[in-house]
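Student: I have a structure I would like to understand better, so I am pasting it below and will then ask my questions one at a time.
The values are calculated or read from the model by the stated rules, or taken from the named source; none is laboratory data. Just so we're clear, the structure is a prediction, and the values are computed from it rather than from any experiment. Cβ placement follows ideal geometry from the backbone for every residue including glycine, while neighbour counts extend to all protein chains displayed.
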């Protein structure tokens with residue numbers, strides 16, 4: 001046991017002196033998490049996804065202002081207002097597709113409505129044969145019909161009541177009645193799952209994704225330690241002592257495991273405190289996924305170090321699994337966005353299982369039971385990689 005710990009300590013001291021260790025294990029995952037967070041809307045408020053529609057009021061009446069308020073409250077269109085624009089300028093903007101459509105309230109709109117006649121609006125663009133155009137037309141018609149109904153109700157009440165209810169009072173009451181729908185739809189969600197905005201959803205994917213990707217990339221440094229040991233013939237001299245081969249393997253493995261596990265704990269703490277990714281919601285489950293991921297990646301690093309015969313091979317053997325496993329495993333893009341076939345293929349990568357475990361906790365609001373399968377799969381990969389490393393080590397050193 002002492003020989004194992006001596007080898008582990010020697011490797012850790014050698015790794016900690018290498019600046020590349022900190023770059024791959026800490027600086028790079030933090031930098032790329034922040035970069036992807038900005039790129040996919042992980043910081044700042046959610047973007048306004050409503051359709052931009054130009055608006056020109058040539059009437060400037062009380063009714064046209066009410067119409068403006070109804071349209072401004074729409075969840076489908078966003079009014080792009082500039083009273084200095086002309087009709088021809090609006091048409092040009094629609095043709096250039098800088099605006100989805102344009103609405104013009106012609107002069108006399110309010111007066112026509114108050115006379116009990118059907119006032120017309122001018123809509124530029126908004127082709128009903130397209131889904132965008134049909135949506136805009138439906139939203140404008142809904143607002144115009146709501147206003148017409150309120151005007152008609154107010155005019156009728158003004159005429160039929162003996163006291164003659166004031167038009168403005170009835171008109172305002174009729175408009176406000178539209179805001180209180182007689183039918184309400186209530187949405188309920190499990191109390192386990194918290195409602196998350198785009199910011200948190202983006203970061204709950206990027207944080208574990210970059211953490212796993214650069215843990216694999218960091219194996220480059222760990223593998224080079226074993227390569228250097230072989231090149232300087234320190235390994236061969238070690239084999240002539242009472243140190244057994246299993247001691248050498250386990251010693252190297254524990255060094256890589258300690259390094260990876262330390263990286264995970266620091267980045268999980270950073271994600272929890274700085275990025276508000278709720279790893280602590282199920283702390284035990286998070287630690288289980290982190291530990292099983294570290295076991296798997298450390299075994300992969302041991303295998304790379306045993307296979308590589310030069311520094312160049314260590315680079316290649318580290319970067320190829322980083323790109324292949326990260327790409328297939330959903331570290332860059334959620335596997336949920338792909339088809340069932342690609343998801344099945346993606347789970348050949350251990351990264352996919354680790355992502356499942358972390359996202360079951362932070363995104364899906366699940367508990368310890370949800371990470372048992374991912375953790376088991378990762379431990380299985382760890383056993384496979386360690387067994388291959390041991391077999392290769394025995395074969396190569398017998399020559």
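Student: Which of the numbered conditions does residue 99 fail, given that it passes all the others? Conditions: (1) assigned to a loop (DSSP other than H, G, I, E, B); (2) buried (at least 17 other Cβ atoms within 10 Å of the Cβ); (3) more than 33 Å from the chain's Cα centre (by Cα).
Tutor: Status for residue 99: all satisfied but (3).
Student: Now, a different point. Give the number of residues within segment 110-129 that are part of a strand (DSSP E or B) and either touching a helix residue (DSSP H, G or I) at 6+ places or on another chain (Cβ under 7 Å) or modelled with pLDDT under 85 (or both).
Tutor: Our first condition is that a residue be part of a strand (DSSP E or B); within segment 110-129, this holds for 122-125.
Now narrow it down to the ones that are either touching a helix residue (DSSP H, G or I) at 6+ places or on another chain (Cβ under 7 Å) or modelled with pLDDT under 85 (or both): 123-125.
Total satisfying the criteria: 3.
Student: Scan (1) touching a strand residue (DSSP E or B) at 6+ places or on another chain (Cβ under 6 Å); (2) modelled with pLDDT of 85 or more for the single condition residue 68 breaks and write down its number.
Tutor: Condition (1) is where residue 68 drops out.
Student: Taking residue 132 as the residue in question, decide whether it is at pLDDT below 85, in a helix (DSSP H, G or I) and touching a strand residue (DSSP E or B) at 6+ places or on another chain (Cβ under 9 Å).
Tutor: yes
Student: So residue 165 ticks every box in (1) at pLDDT below 85; (2) surrounded by fewer than 14 Cβ atoms within 10 Å (Cβ to Cβ); (3) not in a helix (DSSP H, G or I) but one. Which box is left unticked?
Tutor: Status for residue 165: all satisfied but (2).
Student: Out of (1) modelled with pLDDT of 90 or more; (2) touching a strand residue (DSSP E or B) at 6+ places or on another chain (Cβ under 8 Å); (3) in a loop (DSSP other than H, G, I, E, B), the odd one out for residue 107 is which?
Tutor: Failing condition for residue 107: (2).
Student: Continuing with the same structure: Counting residues that are modelled with pLDDT of 95 or more, over 20 Å from the mean Cα position of the chain (by Cα) and not assigned by TED's automatic domain parsing to the domain that holds residue 215, which helices (runs of 4 or more DSSP H) fully inside segment 281-399 reach at least 3?
Tutor: On the way: elements: 283-307, 311-329, 340-346, 350-362, 369-398.
Filter on segment 281-399 gives an empty set.
Student: Could we say that residue 90 is within 34 Å of the chain's Cα centre (by Cα) and buried (at least 20 other Cβ atoms within 10 Å of the Cβ) here? Spell out the reasoning first.
Tutor: Details: within 34 Å of the chain's Cα centre (by Cα): no; buried (at least 20 other Cβ atoms within 10 Å of the Cβ): yes.
Criteria not met by residue 90.
Student: Evaluate the following for residue 250: is it in contact with a helix residue (DSSP H, G or I) (Cβ under 9 Å, 6 or more places away or on another chain) and in a helix (DSSP H, G or I)? It would help to see each step written out before you state the result.
Tutor: On the way: in contact with a helix residue (DSSP H, G or I) (Cβ under 9 Å, 6 or more places away or on another chain): yes; in a helix (DSSP H, G or I): yes.
Yes: the conditions hold for residue 250.
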